[in-house]
There are 2 protein chains.
Amino acid sequence: MKTTRNTTAKTAVLEVFEKSKTALSHAEIQKQLNDVCDRVTIYRILDRLVNDDIVHKISNLDGTVKYAKCNHSHQRVHIHNHAHFSCENCHEITCLDTVKPSYIMPHNYKVNEINFTLSGLCPKCLNSNI
Amino acid sequence: MKTTRNTTAKTAVLEVFEKSKTALSHAEIQKQLNDVCDRVTIYRILDRLVNDDIVHKISNLDGTVKYAKCNHSHQRVHIHNHAHFSCENCHEITCLDTVKPSYIMPHNYKVNEINFTLSGLCPKCLNSNI
DNA sequence: TATTATTTGCAACAATGTTGCGATAAAATT
DNA sequence: AATTTTATCGCAACATTGTTGCAAATAATA
């Protein structure tokens, strides 16, 4: 196992995740960081956090990529097999921790990871009659 | 309903899809088109095809975006609720038409579209022991 | 405190996607 | 078939997103 250092930039990124209830894009993280570090550094920190299983990467239907901190770090083996919801109106992405899809695969496939993203209207936007 | 014109460029793009068994990225389509039209035109054609429900857009876990022609055009209402498989080795994306996930949503969400992408090793790569 | 290995900033680059606008071509109309 | 209408195209320019190499800075370790 490699060692991943705790730098000020990494701590700052983690604090941004801590404060946010929704998944964040690189650009959103950068905006909240206010020049704590370089743009490139954020990419590298995100890469490390994903590798270390602290954050997971979500790619949206529209092609945008977001990141969210995992909130079930107590589990021994960490599998990101929960669903995400992407709101078409406010573009927020939230983890649907309770939603776990069941499916039957054809033979001869080895599944390592799954990405289950639903899109539509989130409760907040649904209530404001869009 | 709007009218979408049949241009030579659009026909050429559709032929590329017809020939391909896997989903294609914008870059892959451009390469196969051999300067039939401009790069920008391909983007616009793809947008139209997606809007017209002739092609669907798939965004992969790694952030790449691909497109595939729908092979069930006979259906009245077209819902892209089948799964896709993305191979980590050869990076091919194929439609898993037989795989339909079942799931239970929390209240207050309106689901319009779902994106279910599994990644791992496809049969072809699994057999060549990667 | 000194060492060493990771991390950072900068610069430069590559890939991807978007927009405006005049020119072109497909479809509809005469 | 010629004309009109309007979607589409090409070009140029730009914006965003992500990557790489390398010297300097910094965290962890001894």
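The values are calculated or read from the model by the stated rules, or taken from the named source; none is laboratory data. Keep in mind the model is a prediction, meaning the values are calculated, not measured. Backbone-built Cβ (ideal geometry, glycine too); neighbour counts: all protein chains shown. The protein model used for the area step is the full one, side chains on, heavy atoms only, and it has no ligands, DNA or RNA in it. Shrake-Rupley method; radii C 1.70, N 1.55, O 1.52, S 1.80 Å.
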Query raised in the report: Of everything in the stretch A:31-47 that's under 15 Å from the mean Cα position of the chain (by Cα) and surrounded by 17 or more Cβ atoms within 10 Å (Cβ to Cβ), which residue is nearest to A:T94 (Cα to Cα)?
Result: A:L46
Report task. Could you list, in sequence order, all residues of the stretch B:101-130 that are more than 7 Å from chain A (Cβ to nearest Cβ) and among the small types (G, A, S)? Result -> B:S128
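Does B:D52 satisfy the condition of being farther than 29 Å from A:D47 by Cβ, surrounded by fewer than 16 Cβ atoms within 10 Å (Cβ to Cβ) and in contact (Cβ under 8 Å) with a residue 40 or more places away in the chain? Spell out the reasoning first.
Details: farther than 29 Å from A:D47 by Cβ: yes; surrounded by fewer than 16 Cβ atoms within 10 Å (Cβ to Cβ): yes; in contact (Cβ under 8 Å) with a residue 40 or more places away in the chain: yes.
Taking the combined requirement at face value, the residue satisfies it.
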Query raised in the report: Can you name the residue in the stretch A:103-126 that is open to solvent by 20 Å² or more (accessible area, probe 1.4 Å) and of a type in the set (S, T, N, Q) and is also modelled with the lowest pLDDT among such residues?
Result: A:N112
Query raised in the report: Which residues, taken from the stretch A:79-102, are closer than 17 Å to B:S102 by Cα and open to solvent by less than 40 Å² (accessible area, probe 1.4 Å)?
Result: A:H82, A:A83, A:H84, A:F85, A:L96, A:V99, A:P101
Query raised in the report: Pairs, please: C-beta under 6 Å, at least 6 apart or cross-chain, first residue more than 14 Å from DNA strand D (Cβ to nearest atom) and in the stretch B:14-43, second polar (S, T, N, Q)?
Result: B:T22/B:T94
Query raised in the report: So which residues in the stretch A:1-20 are open to solvent by 40 Å² or more (accessible area, probe 1.4 Å) and more than 16 Å from A:C37 (Cα to Cα)?
Result: A:M1, A:K2, A:T3, A:T4, A:E18, A:K19
Report task. Select from the stretch A:43-53 the residues that are within 12 Å of DNA strand C (Cβ to nearest atom) and touching a strand residue (DSSP E or B) at 6+ places or on another chain (Cβ under 7 Å) and write down the one among them that is nearest to the other protein chains (Cβ to nearest Cβ). Result -> A:L46
